[in-house]
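Written out below as structure tokens is the structure these notes cover.
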Amino acid sequence: MGAGISSNIRCLQAEKTYNVLASWETGKDCCEWRGIACNNETGHVVTIDLYLNFFDIPSVETPLLSGVIAPSLLELPYLTYLDLSFNNFQGQIPKFIGSLSRLEQLKLAGANLSGPIPPQLGNLSSLYTLDLAWNDVTFENLEWLSHLSSLRYLNMTGLNFSKVVNWPESISKLPSLVELQLSSCHLPNVKLSSTNLVHLGLAGNQLQGPIPDVFANMVSLVSLGLSVNALEGGIPKSFRNLCSLEWLSLEENKLSDRLEDSVEDLSCAQDTLEYLSLSENPFSGSFPDNLTRFSSLKEFLESLNLEGNSLSDRLEDSVENLSCAQDTLESLSLSGNPFSGSCPDNLTRFSSLKELYIDGTKVSGSLPKSFQPLSQLRSLSLVLNQFTGSLPDFTGLSLLRQLFISKNQLNGSLPESIGQLSSLEDLDLSWNSLNGVITEEHFSNLSRLNFLDFSHNPLSFNLSLDWNPPFQIKIIGLSSCKVGPAFPKWIQTQTQLTSLDMVNAEISDSIPDKFWDLSSSLVELNLSMNQIHGKLPNLSTKNCTFFSFDLSSNLLDGPLPPFSSSVVDLRLSQNMFSGPLSSFCKTEASNLFNLDLSDNQLSGELPSCWMQFQGLTFLNMAKNNFSGKIPSSLGYLKDAVLLRLQDNKLSGELPSLENCTELRVVDLGSNKLSGKIPTRIGLSLKELLVLRLKSNEFYGSIPLSLCSLPALHVLDFSNNNISGALPHCLANITALSSMSPEVEDNIIVGFVQLTWKGIQIEFGENLKRLRSIDVSNNNLSGDIPESVTSLLKLISLNLSRNSFTGVLPNNFGQLEMLESLDLSRNQISGSIPPSFSSLHYLSVLDLSYNNLSGRIPLSTQLQSFNASQFTGNLGLCGQPLTPECPGDATTEDPSVPNGSGSDKTKQDDDGRISFGFYVSLALGFIIGFWSVCGTLVLNASWRYAYFRFFDDIKARIM
């Protein structure tokens, strides 16, 4: 029986379906249809192969099948092969497939099937291939599998085994099984006893602990995949039984034993092993020299990947241990290991090497003077090391396509030989200290260049005005290079440019109109931190497709133009744009994610069309001249994380922001806003980190609902007209009170300007560690609640310029992380609690102009402050305010009961020593000295006895 198609074979009419596919012509015999094969003798359809290759684009010839698998397949009783993989069916695997008794191969991988696997598949006694991978099917047991006595190949990759108990037993009952693929199946363990397996794939599961010993009895194993699990330890000694092993993949686990020992436990396969992947494990020790015994690796080793381990020996020694493969090795990746030493010269002996990756190590020193012996190199990556000195000569590397040597400490000039790398496509030398002048010679033969990054090198470009590059590049990075002062004309010739980064490139020119006309392919533009001047054109009329547009920190002026609808990230801060935002609502950028117009001269009212930008996440229009009310349409920004409108002239009440439940930062400080602080802020904005309403005209009390903001780091209501008491419930704010570790928040909230230790400072990334409350210069009154001392994470507290009364809480010393405390200009009375001496990190303190009394507690920190920080408290005494307190002349503080004087009081009493005491001390010393020493000088016998006495003492000790 054959599966081929012959023009003499006619399919049976009963087996001919009607025009199922466009390529199945009714006038053509069905045995000639695509994917159909018939028996050469009987004409019965035996094969349906409608597998859609994963990389195929569906077409008339290769359509994507959908719908359900029809029961008309039952009319093909002689079917032996059915492959419908990677189509788009709906529904379940049909039960009737179990009736196709002659079926030998069933392949339904990635066919979008769901529901339970029908146990009727267990009736297919002739089946030797079953592939159900990557479907959304369910199953509670696999007992039906044990009936498939002929099964040799089973692939259930991507199915969820986490709730299936009996799967190892069912699979172990398959006597003919030689290949089992169970990758990404949520397997917690492996208890297989199948001894005939030749190929086993268990990658991407949840296997933990040591590699199990179940593989010891699988002596026929040729390939074993255990990558992307959480296996620990090393390769077990039981692997010494696997003498037929040719392919072993263990990358991305937690294997941490000495690599030499693990390799030794593969010694039985030293004549068969051809592929070994151990990357992304914390293996320790040095590069294994016992690899040289693996004869198959010597002969066949073309690719070796040991990246992401913890190999720490000298790189030269590791490379030397690979010398056995110097004629065969084509790809070597040792990245992410803490190798020491220098870049080895013996690398140049590997004449077949095409790819070399040594990134992220501790290798230092200079690079080889030349890589010319490696004439077959296509990719060379030496990123993030500690290389110093100059770049090597690149002559002879005519096949090199990728050259990455960024993030090192290289200096010197760029060799002109780099311009002769005629195959070069990607060149990255960023983040070094390369200097000198870049000329046309450096690019003379780089006709294939797609990617160029010289960023963060003090390189100077000296290119003629009429230079026409030999390349059409896609990505350019020249940040912190000396490109200017003129805007480079050669960039205007690059019609395929997708990304241009020239931040801080010393450009002090206007952007030519021609540049905007050639920007149809440009997706990312960053020209920030230059001195670019002039006006921006109406980019909505240009053929622009900007995704990210950053011209911040320049000298651009004029009105803000409409932008293209494609823009997602728009940054124009720190320029001189002026006028209203009347054109903003004409921008149909519905995908806008980040808008930063801060620090300009924009004026007028804020636009009211924010419902058009519901995906906006970061909005910063601070430091402008906007006036009028905050539009209520801001409430449509349900995805907003940051809202900064501070330092404008906005007035009126706060609009409802209760739908903006993702907000992390709200900064509306330094405006003319009024009304009461809305209660709904504390009820709706549960993700809030920073709430800054300083320097406005808010009145009323602080809403108790703010105590329901668990993540709040910064609360700043200073310089308003807020009255009432400080809420007792502030201790409920978890981020301020709980000392338990916080979940790391990766979201960037931008910069927030705060008054810190009396100075205006912008906090960025370190905002996550800041905890601050500032309600200064309001009309708050009442006692400072005891609950304030529960804010254990507080770093800065400012309650100054209010009308607080009562005494300071005794447990103030619990705030051990406090660095800045300002309670000045209130009406606080009583003494400073002794616990203040526990505030060891305090660097700013102001208690002035209150009604405090008594002694200032002694501590290294408190006595280091200026007296002005305590002034205005008439009853306060002690250092640094006064040298002493009333009553310090007495031996004992009358306020302390007899016999219980504190050490502090005794120390102060000791300070009052009279002149007569010093006279008596001097006379006593003179008389005592000459009574002893004078006798020794004048009387020899006494002197002899004295020294003999000390000699005896010395002898006893020794």
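Some points to look at:
- Backbone geometry of the range 807-813 corresponds, through the Karplus equation with coefficients 6.51, -1.76 and 1.60 at θ = phi - 60°, to 3J(HN,Hα) couplings of 9, 6, x, 5, 9, 4, x Hz, x marking Gly and Pro.
- Applying the Karplus relation 6.51 cos²θ - 1.76 cosθ + 1.60 with θ = phi - 60° to the range 710-719 yields 3J(HN,Hα) values of x, 9, 4, 9, 10, 10, 10, 10, 5, 6 Hz, where x marks Gly and Pro.
- Amide H contacts for residue 545 (H built 1.01 Å from N in the peptide plane; partners 5 or more residues away or on another chain; cut-off under 5 Å): 522.
- Here's the picture: charge each Lys and Arg Cβ at +1 and each Asp and Glu Cβ at -1 in the range 536-648, and of 620, 572, 606 the one pushed furthest to the positive end of that dipole is 606.
- Entries in 163/191; 474/514; 163/237 that, when Cα-Cα distance is taken, lie over 24 Å: 163/237
- Distant-in-sequence amide contacts of residue 819, defined by a placed amide H-H separation under 5 Å and a gap of 5 or more residues or a different chain, comprise 796.
- Amide hydrogen neighbours beyond the local backbone of residue 605, cut-off 5 Å, H modeled: 627
- All Cα-Cα separations within the range 123-190 were binned at 5 Å from zero, giving a P(r) of 4, 18, 29, 29, 17, 3, 0, each value a whole percent of the pairs.
- Square roots of five times the Cα gyration tensor eigenvalues for the range 73-167, Å: 19, 16, 12
- Here residue 162 and residue 293 are evaluated by their C-beta separation; at R0 = 45 Å the FRET efficiency comes out at 0.65.
- When the pairs 482/694; 254/369; 354/542; 586/649 are compared against a 32 Å limit on Cα-Cα distance, 482/694; 254/369; 354/542 fall above it.
- Taking all pairs of distinct alpha-carbon atoms in the range 382-462, Kirkwood radius in angstrom: 12.6 Å
- In Hz, Karplus ³J(HN,Hα) per residue of the range 596-608 (6.51, -1.76, 1.60; θ = phi - 60°; x = Gly, Pro): 10, 10, 5, 6, 10, 10, 5, 9, x, 7, 5, x, 10
- For the range 765-818, a/c is not less than 1.5, where a ≥ b ≥ c are the root eigenvalues of the C-alpha gyration tensor, and a/b does not top b/c. That puts it in the oblate class.
- Difference of contour (0.36 nm per residue) and Cα-Cα distance, residue 196 to residue 261: 20.6 nm
- Three-way shape label, the range 781-886, alpha-carbon gyration tensor, a/c 1.5: oblate
- Rounded to the nearest 0.05, the FRET efficiency derived from the C-beta distance between residue 721 and residue 543 at R0 = 60 Å is 0.65.
- Cα-based shape type of the range 205-300, given that a ≥ b ≥ c are square roots of the gyration tensor eigenvalues and the cut on a/c is 1.5: oblate
Values quoted throughout were computed directly from the atomic coordinates according to the rules given, and no laboratory measurement underlies them. All of these numbers come straight from a predicted model, not from anything done at the bench. In this analysis, Cβ positions are derived from the backbone assuming ideal geometry, glycine residues included, and neighbour counts consider all displayed protein chains.
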